[in-house]
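The structure appears right after this line, and notes come after that.
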Amino acid sequence: MHRAIVFRLVLFFCFIFSSSSNESWILPRSSSFHHAFELLQARVRNSDSLSTIESFTPGSLLPFTINNTICRKDLLNLVNGIELKDKWALKIIDSWGLKPPAGILEGSHLWFGSYDECLHPLYLINNQTYVRQPYSTKYCTISNENMDDDDPIFPPKPALIMGICLPDSCHSHDFHSKSFYVQCPSERQHFTIGAILTLILILLLSLFVCLANFLPCLHEYSALTNIKKIFSFHRTHTTYSFLNGIRVLSLFWIIFGHSFVFQLTIADNIVHVFDNLRNSFATQLITGAVFGVDTFFFISGFLAVYVFLNTFKSQTEFRIHHLFIYYLHRYVRLLPTLIFILLISIYLTPLMGTGPIYPTANGFETPSCRHQWWTTIFFLNNFIESTQSCLPVTWYLANDFQFHLLAPILLIPFIFNRRRLTYFLICLLIFINIITLICIISLNPGIENGMTINGDVSMDFFEKIYIKPWCRMGPFLIGMLTKLILEYYRSRLSWIRISFFTILSLVIIFICFYFPLYSQLFPRSLQIIYQILSRQLWSLAIGWLVLLCSIEQAGIVHRILSSSIWIIFARLSYAAYLIHTTIILTDTYNRLSTIHYQTSLIFSTFISQCFFTLIASVFVVVLVESPSQTFERRIRKFFQQKKQRFINQQNYGTIN
């Protein structure tokens, strides 16, 4: 019987490797949204890369060379048990992912088997007892690619992963093969010093915010006070309250995109999913989630002008230390929450789950993250080791912070009535942004495909364009320009102008969404133009919406976006943006079986993951973000009693 099993296993691997030499497998590579659409060509195996049937001994159960260890003896015992049809042995082999599932041609490359059946003894219903086993078992995986890679989320190459149940005496190093790799993730899960210290920090912060409720001097820091603030509908400022709606909807859009993308790693019909992405109008709304980040940049530029002008417009002089305080305030506001979530991602995510492919060794961060963490907290991770940085979504924070370093320099002439100089500098930077994109795309053939499904997406697009500030600053600058225009333009528009520019904006949005769907039908020159101007045009469309809402001529759209319900979500938006990928990946990689993508599953999963993201965000805001802001505010008040007030107490930023 065991020979038949080995024979079936080898035949299947031969089929997979022969298929991989002719067909492309579609698999995301990194935990960044961009990499989800990278099409990876399967490696063509050499003739000696797959062992032949003759290379196996009759007693072998796996096509590996096994050391003379206890593991080998236990495996031989398992083979004998299968021949004797012992229930414990049949239970073990039944938990293997040996049986090829339906949908292989649809991309079913994860054969998990039965995780629970492997780890637990067989229960007999008739006599309500358990079948005794001669040894305990552990769940491992066998793959045609080495899963011990720098990226714990996605393998660097397309991989067939099959679940196997091995004796507890077996370890990964007991098997040697040039073609296959065995990984036993559960054996590497343990508490580290970093995990213990992170848990102690969470405990101390929890005690502090709970005890603060009983101390009048610390009442501002209490959990009850901050929870009331979060769920209050009170508006501090109503002038641009519609921005809360735009911000929150953009956040939900990004979460939806990430929820969709990260689950592709455990989908059993991934080919069908990408076929829909390539040919369906509706699914372009998913790939279009990348424009949610550009909306963030626009709002950030808009509010940067709003805060800076309100702070310094009445100043008769502007000194260099004003600039320093502005930068310090921005940095201190972002840092505590970022560090807190970074500690959780590095040290606690390895302990937050189990499953066939849960990354228990390093969690959701790469091993190099433990050495490159400083690039994240100093907002340099879009320059230094960008593909190996911690919390990949923080590339946005790095860009946004760098834009805020530039914004005050552009606005200083404006507060001294040199408005034309400010307009000129902003327009000049937008022109430089466009010229830079032209040069980069022209010098890198193929990069104009960007994130479309129709072409091979290279890592160059992510590293050279997607995360670089000189390529992404256009929306931020357009947001600044929009606010500067609104400073002196409040006239009501005629319905003809409103209708014309609204239709034009809708056309722009339609092009941004659906040009990638048909990009292969157009010449390379149009694809280059799309990559150069799409984000700027998108920002202009958002700018028109903001303009109409600002002069209260957006009708029902303005009323919806200005609804009080968005205030609660807006207060959670910064923490939600940072932690949502951790929630999504925790949910995804704790699954014991693959998922079959369908519309109802996509939306139900998104709703549940979004809900738990918001719950986790409340925890982060109450524990870290709100107390740190209160502390910073008290420090500023202390110095303001002795010095002239340099910066106002407004919260500013896109998602803060």
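The values are calculated or read from the model by the stated rules, or taken from the named source; none is laboratory data. Predicted model, so just to flag it, every value in this text is computed and none were measured. Here the Cβ positions follow ideal geometry from the backbone for every residue, glycine too, while neighbour counts run over all protein chains shown.
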Report task. Tell me, please, whether a residue that is modelled with pLDDT of 90 or more, of a type in the set (Lys, Arg) and assigned to a helix (DSSP H, G or I) can be found in region 406-419. Result -> no
Query raised in the report: Hey, among the residues in region 516-550 that are polar (S, T, N, Q) and closer than 19 Å to residue 286 by Cα, which one's surrounded by the most Cβ atoms within 10 Å (Cβ to Cβ)?
Result: 539
Report summary line: If we ask which residues in region 551-567 are crowded, with 18+ Cβ neighbours inside 10 Å and not hydrophobic (A, V, I, L, M, F, W, C), their number turns out to be 2
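Yes or no, residue by residue, for (1) outside the structural domain of residue 327 (by TED's automatic domain parsing); (2) more than 20 Å from the chain's Cα centre (by Cα); (3) farther than 30 Å from residue 102 by Cα:
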{"site": "591", "(1), (2), (3)": "no, no, no"}
{"site": "600", "(1), (2), (3)": "no, yes, no"}
{"site": "604", "(1), (2), (3)": "no, no, no"}
{"site": "615", "(1), (2), (3)": "no, no, yes"}
{"site": "626", "(1), (2), (3)": "no, yes, yes"}
{"site": "635", "(1), (2), (3)": "no, yes, yes"}
Query - Matching helices (runs of 4 or more DSSP H) fully within region 195-314 where at least 3 residues are in contact (Cβ under 8 Å) with a residue 60 or more places away in the chain and under 22 Å from residue 568 (Cβ atoms) - result: 223-230, 242-262, 290-312
Query raised in the report: Given 98, 110, which one is farther than 19 Å from residue 167 by Cα, of a type in the set (A, V, I, L, M, F, W, C) and in contact (Cβ under 8 Å) with a residue 12 or more places away in the chain?
Result: 110
Query raised in the report: Of all residues in region 357-381, how many are touching a residue at least 40 places away in the same chain (Cβ under 8 Å) and under 15 Å from the mean Cα position of the chain (by Cα)?
Result: 4
Query raised in the report: Scanning for something closer than 27 Å to residue 621 by Cβ and free of Cβ contacts under 8 Å to residues at least 12 places away in the same chain, does region 335-356 turn up at least one residue?
Result: no
Query raised in the report: Restricting attention to region 465-502, and to residues there that are of a type in the set (Val, Ile, Thr) and more than 33 Å from the chain's Cα centre (by Cα), which single residue is surrounded by the most Cβ atoms within 10 Å (Cβ to Cβ)?
Result: 498
Query raised in the report: Quick one: what pairs do we get from region 505-518, first residue assigned by TED's automatic domain parsing to the domain that holds residue 287, second among the hydroxyl-bearing types (Ser, Thr, Tyr) and not in a helix (DSSP H, G or I), C-beta under 9 Å, 6+ apart or different chains?
Result: 515/452; 516/452; 517/280; 517/452
Query raised in the report: Which residue out of 551, 528 is at negative phi, in contact with a Lys or Arg (Cβ under 7 Å, 6 or more places away or on another chain), in the same structural domain as residue 476 (by TED's automatic domain parsing) and β-branched (Val, Ile, Thr)?
Result: 551
Query raised in the report: Just to be sure, is residue 261 at pLDDT below 90 and outside the structural domain of residue 479 (by TED's automatic domain parsing)?
Result: no
Report task. Quick one: which residue in 521, 526, 614, 537 is among the aliphatic types (A, V, I, L, M) and either touching a strand residue (DSSP E or B) at 6+ places or on another chain (Cβ under 9 Å) or in contact (Cβ under 8 Å) with a residue 40 or more places away in the chain (or both)? Result -> 614
Requested in this report: Looking at (1) surrounded by fewer than 21 Cβ atoms within 10 Å (Cβ to Cβ); (2) at pLDDT below 85; (3) over 24 Å from residue 614 (Cβ atoms), find the lone condition where residue 287 falls short.
Outcome: (1)
Report summary line: In the set 144, 127, the lone residue that is in contact (Cβ under 8 Å) with a residue 60 or more places away in the chain and not assigned by TED's automatic domain parsing to the domain that holds residue 367 is 144
Query - Flag for residue 635 being surrounded by fewer than 18 Cβ atoms within 10 Å (Cβ to Cβ), in a helix (DSSP H, G or I) and touching a Gly at 6+ places or on another chain (Cβ under 8 Å) - result: no
